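Read through the structure below, which is laid out as structure tokens, and then see the notes.
Bear in mind that the values in this text are calculations on the coordinates, not laboratory data. Quick caveat: nothing in here was measured; it's all calculated off a predicted structure. As a convention, Cβ positions derive from the backbone with ideal geometry for all residues, glycine included, and neighbour counts pool all protein chains shown.
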């Protein structure tokens, strides 16, 4: 089902592919985030976004865009926009009224550093900025004239991934489920929305950076995104019990401590690991089915999502 | 400068113009907000948005769109999107870490009713929904196929109005200014961003609902929007000291109580009233300059902004 081992990228090959993309994303985020904002707000926005995180969503956008032969300028904007939505969700999720977390990526969380009010506003402003990045006007963008139909499609995909039927909706279900028994379909639906929607949305945004992609390939990309989106959460649940806070860069064991249902609490550790492998197989099979010529990076990212240790 | 009194709309004429637009907006919001969201989140979103508020931003969108002969379908979406951004900002602004307000439009605030976490998420989801409404795909929209260039432009205008150089940025400056002396230019800049940007953005979004508007007319519309945006805040400051909580539907006197700089604290009551009248004159002059044929509703809305008692 997956590519023969001799053809699959190892971690070094993925790192070599990722490096220039990550450099572009970091440079673009540094150029675009919080620069013309009022000083404390801008600082909080930059603190929340720059120099942190795995940048998985940007890499998925970039890899998906390459797979379909998408526009690099549009993909860079979409990559940054997806990361901003992710970053804002972490800022709000860490607030005292939500998870009340003080440590994120090994650093004090935004509200610890800047106060709750500025953290709230920084998250709000990051969400708005995501949509601003997706809609450059020709004058500001210079050579970077993303066609307006592509701009509108990227906004549509991101808004759906972020909103009440995506990330924010999943967080609300998560909130309501603390201390309650969820069965596996309910847990899956919660995670499909909370984490999966933006990961899948990142893949779809990347695929939207080409003017025309065959419908079956698009459908396969969506399936790939859905599978790795869920796999990501299953692995998160595994790491929450197997890794320590230092490696994770955030508080380990907090799901168990707060009596949240997880894949591990539902399926056991071995069951959760088997689930992750099964989802990896689903993702790789979808890439095969896409019949797109250049899916090596997407394949390697799927492996990375499942094999990561933080 | 303004139209002769015989030609200006009175309150009854404005109400007659507004009525069908408001009915359309209420029906659309009820159809679009929180309907497919997880139950508590959807309830909080609807509570925050439906059956409340003056709907000034939607009316500005509608009036501006009519002035340029814009598409009614695009204007309805833009009107609702602007209102969602406004509604989300109120939800977040009322949170304990911001203004800690318990009364809004005569009802308990969202966090009092639904808890802080769901209020936070409802605000986040409302912002995402605003951009989702602006980017319907042809299939979902039915007959309502807003051209993608118009979708992208509407998203751009809304994102800029809402973000760190607009509403969220102004709120951050407001936060940082409590107890500090601001001079009039600083106060003006804060309000231009905090309240003015979305009001001006609403006018610009309405003007963006026509495929082509002469550049001088667009510039005049922007000037109109800027003037009434600022006038709105000046009047807000006046009402904060002259009206009671019952009439306002929110806590009166709270700016003075929290030692926030206001136009009244800076200019005195008479000075603030003179400022509001001057801005009204600026707005009406801009409409004259626009040379657009049908600006009666915009003119009447400018009067309403300045003459309102809540």
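In the assembly of identical copies, residue B:186 has its label point, taken 7 Å from Cα in the direction of the beta carbon, separated from the corresponding points by 5.3 nm (ascending, one decimal).
The mean number of partner chain beta-carbon atoms within 10 angstrom of a residue's beta-carbon across peptide A:109-120 is 3. The ranking of B:124, A:137 from fewest to most other beta carbons within 10 Å of each one's beta carbon is A:137, B:124.
Say R0 is 45 Å: what FRET efficiency, to the nearest 0.05, do residue A:274 and residue B:180 get from their beta-carbon distance? With R0 = 45 Å, the Cβ-Cβ based efficiency is 0.15.
Here the spin labels are modelled as points 7 Å beyond Cα on the Cα-Cβ line, and at residue B:13 and residue B:309 they lie 2.2 nm apart. Look at where the Cα atoms of the stretch B:74-94 and of the stretch A:4-45 average out, and the two centres are 32 Å apart.
The ranking of A:262, A:242, A:135 from fewest to most other beta carbons within 10 Å of each one's beta carbon is A:242, A:262, A:135. Peptides A:220-233, B:15-28, B:186-199 ranked from most to least packed by the mean count of surrounding Cβ atoms within 10 Å: A:220-233, B:186-199, B:15-28.
Residue by residue along B:94-101, Cβ atoms of other protein chains within 10 Å of the local Cβ number 3 on average. Scoring B:91-98, B:178-185 by mean Cβ neighbours within 10 Å over their residues and listing the highest first yields B:91-98, B:178-185. Of the residues A:47, B:263, the one with the fewest other Cβ atoms within 10 Å heads the list, and the complete ranking is A:47, B:263. Each stretch of four or more DSSP H residues adds -39500 (n - 2.57); spread over every residue of chain B, this sum gives -22500 deg cm²/dmol at 222 nm.
For residue B:271, the distances from its label point to the matching points in the remaining copies are 7.1 nm, ordered from shortest, with each point set 7 Å beyond Cα toward Cβ. At full extension, residue B:36 and residue B:23 could sit 2.5 nm farther apart than now, given 0.36 nm per residue minus the alpha carbon distance.
Label-to-label distances for residue A:27 across copies, nearest first, come out at 5.3 nm, using points 7 Å from Cα in the beta-carbon direction. Structure remark: mean-square fluctuation, Gaussian network model of chain A, C-alpha springs under 10 Å; the largest value among A:77, A:31, A:289 belongs to A:31.
Counting, for every residue in B:35-42, the Cβ atoms of other protein chains within 10 Å of its Cβ and taking the mean gives 6.
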